[in-house]
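Working notes, beginning with the structure itself.
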Amino acid sequence: MTAKYRTWVEINKEAIAKNYATFRGYINKHVKLMSVVKSNAYGHDIIQFAQEITKLGVDWLGVDSAVEALVLRNKGLQTPILVLGYTLPYKYQEIVQQKIHITISSFSALDSIKEEHFSGNLSGKILAHIKVDTGMGRQGFLFADREKLFHYLEELKDVISVEGLYTHFAAAKNPDGPDETYGQIQEFKKWIELFHSKGYKPLVHASATSGALLFPEARFDMIRVGIGMYGLWPSPEVKVFAEKNNITLYPALSWKTIISEIKYLPQGSRVGYDFTEELKRDSVVAICPIGYWHGYMRSLSSKGFVLVRGTRAKVLGRVSMGMIVIDITDIPKVTTGDEVILIGGTEKNKVSADFVADLAGTINYEIVTCINPRICRIYYPE
């Protein structure tokens with residue numbers, strides 16, 4: 001693999017299967033399981049990951065956009081798909097034809113559907129999941145909108161089929177402050193009762209990875225597992241909770257590059273753009289063909305660590321667009337072409353996505369989703 005690529009991502013299918021089994025085993029048999037594969041499957045490659053998780057038996061796939069949904073349909077995936085984000089009106093007809101479910105979360109979306117239908121651009125029924133805002137302050141109808149919403153749904157009953165009702169929790173990843181989430185659950189239950197009273201029987205869902213683990217009462221008819229399916233924890237607090245309850249996840253992703261050049265630099269030499277780092281000793285440095293264009297964050301300048309021959313090597317100076325310089329002075333027998341681990345390693349010696357995120361001042365979600373989608377993803381074992 002190292003001969004073919006300057007940088008590549010490896011995805012462990014066995015880790016995916018273990019994570020899937022963890023969540024499947026954690027919920028009742030009647031609860032459906034959605035794997036959220038938006039944003040290129042959190043950097044894991046949307047097509048390959050969706051194919052893999054579908055083989056394992058997942059009930060639903062969650063995507064961000066109609067574009068992502070149609071890519072999966074065009075690859076032959078017939079698993080139910082929900083578009084979680086905004087759908088552009090010109091995509092409605094294709095969405096209907098491909099039996100893709102979309103989120104409706106605003107009156108402007110309802111107006112667009114109405115306009116497309118009455119102008120003759122939309123035939124057939126839109127499969128809709130109505131999203132309600134129970135406290136996130138983002139997508140969704142407020143409870144004060146209820147009468148107007150049901151008026152629209154009645155008016156458009158020949159155009160919109162209400163298949164689902166859902167919300168999203170703002171702070172479920174913090175088990176030490178559950179009151180906000182409990183408040184959202186109670187607000188959501190008002191919506192559920194209201195929809196039932198109007199004769200609707202939607203698929204009800206609210207919990208993502210954190211909510212599914214920490215709030216059993218909020219699993220409803222389906223859980224939406226995103227970050228957890230990739231073996232990463234939504235927060236340190238959720239990880240602590242999981243460890244206390246013997247729940248284990250397995251990171252599926254490793255990101256690698258190679259050493260392209262090695263050189264000796266004397267003490268006092270300055271490294272990289274703007275001379276931000278001056279060597280305090282005679283050093284052996286290596287150049288790796290990876291940079292912020294690839295998704296290796298510039299905030300890791302003079303902070304990041306990578307693994308070379310099982311030993312951590314520090315990033316020296318600025319992360320460039322397509323290169324980094326690392327200190328290999330204390331690592332013997334390093335040669336050009338050696339593998340360098342940017343994310344991954346063994347349990348005893350690793351640079352995890354969480355570790356990299358801490359150094360970069362961000363979260364593990366951003367670390368993996370920012371890996372350039374043009375970088376080859378290799379799923380193994382074959």
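On the stretch given as region 157-184, residues that are buried (at least 19 other Cβ atoms within 10 Å of the Cβ), in a loop (DSSP other than H, G, I, E, B) and either free of Cβ contacts under 8 Å to residues at least 40 places away in the same chain or hydrophobic (A, V, I, L, M, F, W, C) (or both) total 4.
In summary, helices (runs of 4 or more DSSP H) completely within region 1-107 and bearing 2 or more residues that are assigned by TED's automatic domain parsing to the domain that holds M222 and not polar (S, T, N, Q) occur at 38-43, 46-55, 66-74, 92-97. With respect to E339, is the statement that it is buried (at least 18 other Cβ atoms within 10 Å of the Cβ), among the charged types (D, E, K, R) and in contact (Cβ under 8 Å) with a residue 40 or more places away in the chain true? Here the answer is no, as E339 does not meet what is asked. Among the numbered conditions (1) on the phi > 0 side of the Ramachandran plot; (2) modelled with pLDDT under 95, the only one that G140 does not meet is (2). Within region 125-165, which residues are touching a Gly at 6+ places or on another chain (Cβ under 9 Å) and farther than 19 Å from S112 by Cα? Hits for region 125-165 are D133, T134, G135. When the residues of region 354-373 are filtered to those that are of a type in the set (A, V, I, L, M) and within 13 Å of the chain's Cα centre (by Cα), the one that is farthest from L253 (Cα to Cα) is I363. In the set I113, I95, I102, I81, only one residue is aliphatic (A, V, I, L, M), farther than 22 Å from R138 by Cα and touching a helix residue (DSSP H, G or I) at 6+ places or on another chain (Cβ under 9 Å); that residue is I95.
Figure legend. Inter-residue proximity from region 222-244: first residues part of a strand (DSSP E or B), second residues surrounded by fewer than 20 Cβ atoms within 10 Å (Cβ to Cβ) and among the charged types (D, E, K, R), beta-carbon distance below 8 Å, spacing 6+ or different chains. Indicated pairs: M222/K32; M222/D59; I223/K32.
Kindly indicate whether any position in region 121-141 is loosely packed, with under 15 Cβ neighbours inside 10 Å, in a helix (DSSP H, G or I), out of contact with any Asp or Glu (no Cβ under 8 Å at 6 or more places or on another chain) and assigned by TED's automatic domain parsing to the domain that holds I53. No: region 121-141 contains no residue that is loosely packed, with under 15 Cβ neighbours inside 10 Å, in a helix (DSSP H, G or I), out of contact with any Asp or Glu (no Cβ under 8 Å at 6 or more places or on another chain) and assigned by TED's automatic domain parsing to the domain that holds I53. For region 292-333, a residue qualifies if it is loosely packed, with under 15 Cβ neighbours inside 10 Å and of a type in the set (A, V, I, L, M), and exactly one does: M321. Taken over region 335-371, the criterion of being at pLDDT 95 or above and among the acidic types (D, E) is satisfied by D338, E339, D354, D358, E366.
Counting only strands (runs of 3 or more DSSP E) that sit completely within region 290-351, those holding 2 or more residues that are more than 14 Å from W255 (Cα to Cα) correspond to 311-316, 324-327.
The values are calculated or read from the model by the stated rules, or taken from the named source; none is laboratory data. The model shown is predicted, which means the values in this text are computed figures rather than measured ones. We place every Cβ from the backbone using ideal geometry, glycine too, and count neighbours over all the protein chains shown.
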